[in-house]
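To start, the structure under review is shown below, and the notes come after it.
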Amino acid sequence: MRPVVAVLVIVVAAGAMAACGSTRPSKYYQLEVPETPPAASNPWPVALLLGRISAPHVYRDDRIVYRTGPGQLGTYEYHRWAEPPTEMLEAVLLRMLRASGRYRTVQPLHSNARGDFILRGRLHHFEEVSDGSLGARVAFEMELYEPKTGTTVWTHFYSSEEPVQGKEVAQVVQALDHNVKRGLQEVTTGLEQYFSVHPPK
């Protein structure tokens, strides 16, 4: 009986090793950090804090999401983000706000720095969409909160679908990257317009 058991163990181990060897390697993607443009002079006397961008659980995971129909989502097992989408959006937006040179300081909220305003948001869509043609859908909303008065003084909603030039996941990622940059540029421009109309004291 013992030799038979030994043979079975060897067969099972060999099968497990073969299965491990056939596993597809995962591919990882990330949003490109924008280049730093020349900073503006004479920044506003504003200490801006960037809060967390909340999202449904599926967008806080690292797997790339695709939409299969109304209210139906799926995820790629072997195509993943280097970081969850919410964290990538926060990093890109932080870079853009700092690079603008329009604020005295821009810090993450979790840094425990003090601020005059808190910019925070929620991600609603960040996915591949197949609806006749392949697209990359991004939708989020941002708000500027003033702790001193306890009020939200500015909001912006962005929603857009970028066409994908091809059928590969890498091309979907590129379209999502373009879409995100366009949306975050609207946020930075909108904030500048707000402070231009309501100059901080």
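Rounded to the nearest 20 debye, what is the charge dipole size of the chain about its Cα centre when +1 sits on each Lys and Arg Cβ and -1 on each Asp and Glu Cβ? Could you put the intermediate results ahead of the total?
Working: 21 positive and 21 negative charges, 107 e Å.
It comes to approximately 520 debye.
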Which order do the peptides 120-130, 49-59 take when ranked by the mean count of other beta-carbon atoms within 10 Å per residue, highest first? 120-130, 49-59
Specify which residue in the list Gly121, Pro108, Tyr28 is farthest towards the positive end of the charge dipole of the chain, using unit charges on the beta carbon of Lys, Arg (+1) and Asp, Glu (-1), about the Cα centre. Pro108
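Could you please tell me the mean projected area of the C-alpha convex hull for region 45-197, averaged over all directions and given in square nanometres to one decimal? Each step should come with its number before you reach the end.
Values: hull surface 39.0 nm².
Reported value for the Cα convex hull: 9.7 nm².
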Can you tell me the 0 to 90 degree angle between the C-alpha axis of helix 2-21 and the longest principal axis of the chain, rounded to 10? 40 degrees
Taking a straight Cα-to-Cα line shorter than 19 Å from Lys167, and setting aside same-chain lysines fewer than 8 residues away, one finds Lys27
GNM top mover of Arg102, Arg137, Arg24 - the chain, alpha-carbon springs below 10 Å: Arg24
For the chain, with a Gaussian network of springs between Cα atoms less than 10 Å apart, report the residue from Pro108, Pro85, Pro34 with the top mean-square fluctuation. Pro34
Mark the label point 7 Å from the Cα of Asp131 along Cα→Cβ and return the residues of region 45-71 whose backbone N is within less than 18 Å of it. 65-71
Excluding residues on the same chain fewer than 8 positions from Lys201, give the lysines whose Cα lies under 18 Å from its Cα. Lys148
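Take every DSSP beta bridge with both residues inside the chain and express the antiparallel ones as a percent of the total, to the nearest 5. Please list the in-between numbers first.
Working: 30 of 45 bridges.
Restricted to the chain, the bridges split so that about 65 percent are antiparallel.
Read the figures in this text as sums done on the coordinates, not as results from a lab. Computed from a prediction, not measured in an experiment: that's the story for all the values here. Here the Cβ is made from the backbone with ideal geometry for all residues, glycine too, and neighbour counts use every protein chain on show.
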